[in-house]
Amino acid sequence: MSKMTGAQAIVKCLQEEGVNTIFGFPGGAVIDLYDELLDSDIKHVLVRHEQGAVHAADGYARATGKTGVALLTSGPGATNGVTGIATAYMDSIPIVVFTGQVPRALIGNDAFQEVDIVGITRPCTKHNYLVSDPDDLVPIIREAFYIASSGRPGPVLIDLPKDVVAATIRFPEKKKVRMQTYQPNYEPHPGQVDKACRAIAKAKRPVLYIGGGVILSDAHKELTELAEKTTIPVTMTLMGLGGFPGTNPLSMGMLGMHGSYASNMAVAKSDLLIAVGARFDDRITGRLDAFAPHAKIIHIDIDPTSISKNVEVDIPIVADCKLALRAMNSWFDDWAEFDARAFADKHQPWLEQIKEWNEKHPLTYQQEGDVIKPQYVIEKLGELTGGDAIITTEVGQNQMWTAQFYKFNKPRHLLTSGGLGTMGYGLPAAIGAKLAFPDAMVIDVAGDGSIQMNIQELATAKQYGANVKVVILNNNYLGMVRQWQELFYNRRYSATVMEVTPDFVELAKAYGAAGLRAKTRDEVEAVLKEGLATDNVVIMDFAISREEGVFPMVPAGKATTEMLLV
Amino acid sequence: MKHTLSVLLQNKPGALSRVTGLFSGRGFNIESLCVAETLDPKVSCLTLVTRGDEGIIEQITKQLHKLIDVIKVSDVSEGEFVEREMVLIRVKAEAGTRAEVLRVIDIFRGKVVDVSPTTYAVEVTGPESKIKAVIDILRPIGIKEIVRTGTIAMARAPKK
Ligand SMILES: Cc1ncc(C[n+]2csc(CCOP(=O)(O)OP(=O)(O)O)c2C)c(N)n1
Ligand SMILES: [Mg+2]
């Protein structure tokens, strides 16, 4: 065991974990660690606000599947990161957040920039630590990375008292982390797999309902294999988009509050719902007693608490989605009588029905005059990028139009704050993704409101040459809230009109980025083409039809079949 | 339905607040809570009395399991179990009632643990129902102060 400072040990642990990029913002409590970072080969990305650091680490993690890392100072640095941590927690994203803390002797004394960040983040981390003994530092960091990335992933926070980081410690040999109290189960129970496959064999109107778990466990191939082998239509949650190709004929698109008519109808009429890595969130189920009322429910999830939390499940499979789907695929392969053609024939009437629903109420919008329809911008963006770009979003209508009109074919290509719905997520997350994949086209689809929540990160993007593109669907409203006010509050637009909005084109220029604007429909394509081709950070400001709504819409608390349509 | 859960958790700072935070954050109720070290000083045992239908108790159990510091969760009220609670009651004991208090305490197999010219402090242990009964009987005499421990519980050993 060699001796070194806590700061050196932290850097060494990061190297052990294969971390090459971290996102952070310095301060007195972490200055020792920053001093050490200067001599290391780890790239530190200086953000402009700590929320941005955590979102960037989160975007990095979502795009790569690796654990993202953020480093914040004590007090306000740590509290600024909380929204980012809660965002990652709700979407089960593996990140490790290091926060500085006052020296141990001062903890509890209301010292300068002291805050009980472990207490504050207890309910929004998978686990967290205050390192109170320098000898625990290395084992804690190793445990933190293990916990963040295993089982159902999530954020882990490590609070580092300044004197612990400065202390001299012995660096223990690396060994595999084993924890008595935490042993996630990955393997599906063969008996449950058997039951599930038999139910599938019997079903007449099955639906695969897939969520973020499919992407987190890299199960898209296995999922696609199962869907195609058994000819089962697939619907995705917001987090599940890209877990199954959006252009596959079996795809029904998204379900839930702003899901497609066909998806919601199919779930309502199905006799077997196969939920994979999804958690029956209220935005998906609508009124619970009307959700999939005729269906037997199979639920595959690695987290036992997700099972039967909101909806009673008939056949639970607590396992890693990938392994469970693989086992189901093998079950069918090993079944002597299995005949894919027979399944296709058996499900033909069901697919016909779905097609009919799709034709009756497709995802659509009405073009009026030469105004820019936001859906058109997203469609064009899909065309011009071939559906290959990594798309991040902000929150609100911009997010829902992206989910509806961009056809995601690959996993880890939509990075969006689903569970927490955090405005301000998209730009820093895009920077994280771009730094992970410098050659990828990375685009933040934004609203005029959300983009202002972390617009300072344009400077970060410029500093590190993270040439992300920002597509602002500018309606001069907090559009999604306005839509609710229009529909349910008598058009009383309380606090949703953005009376002052900066000139985003000029603002981009002030940051050294490029700014472009389109005001009419026929300018859209040219602006997108130019923006995508420009070798710089680019803001494209699209003045969209201001009171456009997102449809279909299931009003909160209603059955998912009670959709408001275009 | 009332359930008594026995939770083994790592004796670490913050571990208890993870448990209580889980209950408040998710809107589960806690009727009583008792914690102390086990034979292994690195592990504490927490007895928790809660109420809820089957689904809620299942969620509580699973959510507790999910906490990294939790080692084991068992619903002791699922089978045969013994439960005990202790109460300390300071009750008025004046000329006319001193003998009456002693009689009551005797019936409940309690003990007097502190005496003043006008009060007795008494100790009674037993299941919750017995604690409730002794309180009900002493109340008309005049209870000045009361402190209860909350329930601790243990599953009965298998008969064979
Ligand atoms: C941090 C945060 N604050 C408030 C909200 C509530 N909210 C949800 S959507 C929305 C409007 C967003 O406006 P904009 O970014 O312009 O997007 P649009 O809906 O107009 O596309 C608001 C305020 C939120 N999701 N996040
Ligand atoms: Mg807007």
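The values are calculated or read from the model by the stated rules, or taken from the named source; none is laboratory data. Note that the structure is a prediction, hence the values are computed from the model and not measured. Positions of Cβ are generated from backbone atoms using ideal geometry, with glycine treated the same way; all protein chains shown enter the neighbour counts. Note: areas computed on protein heavy atoms with side chains; ligands, DNA, RNA excluded. Shrake-Rupley method; radii C 1.70, N 1.55, O 1.52, S 1.80 Å.
A compact table of results
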quantity: For the stretch B:81-155, size of Cβ-based charge dipole, Lys and Arg +1, Asp and Glu -1, in debye; calculated: 80 debye
quantity: Dipole in debye (nearest 20) - the stretch A:374-543, about Cα centre, beta carbon charges: Lys, Arg +1; Asp, Glu -1; calculated: 320 debye
quantity: Coil-residue GluC sites (Glu not before Pro) of the stretch A:523-561, DSSP, other Cβ within 10 Å capped at 13; calculated: A:Glu547
quantity: Point-to-point label distance, B:Glu80-B:Glu54, nm (Cα→Cβ direction, 7 Å offset); calculated: 2.4 nm
quantity: Residues of the stretch B:75-108 with amide N under 14 Å of the 7 Å Cα→Cβ point at B:Ser116; calculated: B:89-94
quantity: Cα shape, the stretch A:190-360, gyration tensor, a/c 1.5 rule; calculated: rounded
quantity: For B:18-31, mean number of other protein chain Cβ atoms within 10 Å; calculated: 1
quantity: Square roots of 5 times each gyration tensor eigenvalue, C-alpha, chain B, largest first, Å; calculated: 35, 16, 15
quantity: Of B:Thr97, B:Leu67, B:Thr149, farthest towards positive along the dipole that unit charges on Lys, Arg, Asp, Glu beta carbons give the stretch B:54-160; calculated: B:Thr97
quantity: D_trans [Stokes-Einstein, Kirkwood Rh over alpha-carbon pairs] for the stretch B:2-78, 37 °C, 0.692 mPa s, µm² s⁻¹; calculated: 267 µm²/s
quantity: Cα-based reach from A:Lys373 at 27 Å (exclusive), listing lysines while leaving out same-chain residues under 8 positions away; calculated: A:Lys355, A:Lys360, A:Lys407, A:Lys410, A:Lys469, A:Lys509, A:Lys519, A:Lys529
quantity: Relative contact order (percent, whole number), the stretch A:1-131, Cα cutoff 8 Å, 6+ residue spacing; calculated: 23 percent
quantity: Largest-first ordering by accessible area, 1.4 Å probe, given options B:Phe81, A:Phe171; calculated: B:Phe81, A:Phe171
quantity: Chain A - convex hull of alpha carbons, volume per residue in Å³; calculated: 154 Å³
quantity: B:Lys12-A:Lys176 pseudo-label distance in nm [points 7 Å out on the Cα-to-Cβ vector]; calculated: 2.1 nm
quantity: Computed E for B:Leu88/B:Ala157 - FRET, C-beta separation, R0 35 angstrom, nearest 0.05; calculated: 0.70
quantity: Under 17 Å from the Cα of B:Lys66 - lysines, other chains or at least 8 residues apart; calculated: A:Lys126, A:Lys309, B:Lys12
quantity: Cα centroid separation - the stretch A:390-425 against the stretch A:177-208, whole Å; calculated: 29 Å
quantity: Which of A:Thr422, A:Leu507, A:Leu458, positive extreme of dipole for the stretch A:419-566 (C-beta unit charges); calculated: A:Thr422
quantity: Mean-position separation - Cα centroids, the stretch B:111-156 and the stretch B:7-60, in angstrom; calculated: 25 Å
quantity: Listed residues A:Thr305, A:Leu71, A:Trp484: farthest to the positive end of the dipole of chain A (Cβ charges); calculated: A:Thr305
quantity: Pairwise FRET efficiency - A:Gln353 versus B:Met1, Cβ, R0 = 51 Å, nearest 0.05; calculated: 0.75
quantity: Estimated inter-spin distance, A:Arg491 and A:Asp345, nm [label 7 Å along Cα→Cβ]; calculated: 5.7 nm
quantity: Paramagnetic reach from B:Lys132 (point 7 Å along Cα→Cβ, amide N under 18 Å) across the stretch B:32-60; calculated: B:32-33, B:48-53
quantity: Inter-chain Cβ neighbour average for residues B:34-47, partner chain, 10 Å; calculated: 0
quantity: Enclosed volume per residue, in Å³, of the convex hull spanned by Cα atoms of the stretch A:2-171; calculated: 93 Å³
quantity: Exposure ranking of A:Met453, A:Met252, A:Met90, B:Met1 by accessible area [1.4 Å probe, largest first]; calculated: B:Met1, A:Met453, A:Met90, A:Met252
quantity: Area of A:Ser251 that stays accessible when all protein chains are in place (1.4 Å probe, Å², to 10); calculated: 20 Å²
quantity: log10 of Debye I(q)/I(0), alpha-carbon scatterers only, for the stretch A:90-220 at 0.11 Å⁻¹; calculated: -0.56
quantity: log10 of Debye I(q)/I(0), alpha-carbon scatterers only, for the stretch A:251-352 at 0.12, 0.16, 0.19, 0.21 Å⁻¹; calculated: -0.46, -0.81, -1.10, -1.24
quantity: B:Thr61 accessible area, 1.4 Å probe, all protein chains in place, Å² to nearest 10; calculated: 30 Å²
quantity: Inverse of mean 1/r across different Cα pairs in the stretch B:72-153, Kirkwood, Å; calculated: 13.4 Å
quantity: Rounded to the nearest 20 debye, dipole of chain A from Cβ charges on Lys, Arg, Asp, Glu; calculated: 800 debye
quantity: Probe 1.4 Å - accessible area at A:Lys269, Å² to nearest ten; calculated: 90 Å²
quantity: Where B:Lys130, B:Lys12 fall by accessible area, highest first, once all protein chains stay in place (1.4 Å); calculated: B:Lys12, B:Lys130
quantity: Exercise: per-residue mean of other protein chain Cβ atoms within 10 Å, B:67-74; calculated: 3
quantity: Cα centroid of the stretch A:466-517 to Cα centroid of the stretch A:268-316, whole Å; calculated: 36 Å
quantity: D_trans [Stokes-Einstein, Kirkwood Rh over alpha-carbon pairs] for the stretch A:374-543, 10 °C, 1.306 mPa s, µm² s⁻¹; calculated: 100 µm²/s
